[in-house]
Amino acid sequence: QVQLVESGGGLVQAGGSLRLSCAASGSIFSIDVMGWYRQGPRLQRELAATITSAGITNYVDSVKGRFTISRDNAKNTVYLQMNSLKPEDTAVYYCNARVRSDPSSWWRIYWGEGTLVTVSS
């Protein structure tokens, strides 16, 4: 089994910054893509940003230029630096990772339980 634990959420004023962290632990042989998804009030879960093991990043248009995703492969940890936060960024942010537990196993997707980010106007 693999566990993803997020941290770093909280309440911040518009224009402020937060840094989210997500650490993966458990039976891990290799991690491919890691990412952050978010689900705002009465909205569907959407991708915010992803990063491959080689460091290639992808962002949803609404966060480009404000959010930066990064990862520490040695620590199996992914980060999301969020700057210039807006009220519409308010959401539960979920960490996601594509993991292989041993060389012969299939890739599996794991999710964290989420961390709440609230941006006040």
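The values are calculated or read from the model by the stated rules, or taken from the named source; none is laboratory data. Not measured: the values here are computed from a predicted model. Every residue, glycine among them, receives a Cβ derived from its backbone with ideal geometry; neighbour counts consider all protein chains shown. All accessible areas refer to the heavy atoms of the entire protein, side chains included, with ligands and DNA or RNA removed. Shrake-Rupley method; radii C 1.70, N 1.55, O 1.52, S 1.80 Å.
What is the calculated FRET efficiency for Glu46 to Asn73, with r their C-beta to C-beta distance and R₀ = 22 Å, to the nearest 0.05?
About 0.30, to the nearest 0.05.
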Full-extension gain in nm, Gln39 to Ser17, via 0.36 nm per residue minus C-alpha separation: 6.1 nm
Per-residue SASA entry for Trp111, accessible area with 1.4 Å probe, Å² rounded to 10: 110 Å²
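Please figure out what share of the DSSP beta bridges in the chain is antiparallel and state it in percent, rounded to the nearest 5. List each step's numbers first, then the result.
Details: 41 of 45 bridges.
Of those bridges, close to 90 percent are antiparallel.
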Could you sort Ser62, Ser105 by their accessible area in this structure, using a 1.4 Å probe and putting the largest first? Ser62, Ser105
Rounded to a whole %, the carbon-and-sulfur portion of the accessible area of the chain at a 1.4 Å probe is 49 percent
Largest to smallest accessible area among Ile109, Ile28, Ile69 [probe 1.4 Å]: Ile109, Ile28, Ile69
Result for the chain: accessible area per residue, probe 1.4 angstrom, in square angstrom, of 54 Å²
Cα gyration tensor shape of region 11-63, rounded if a/c is under 1.5, else prolate or oblate by comparing a/b with b/c: prolate
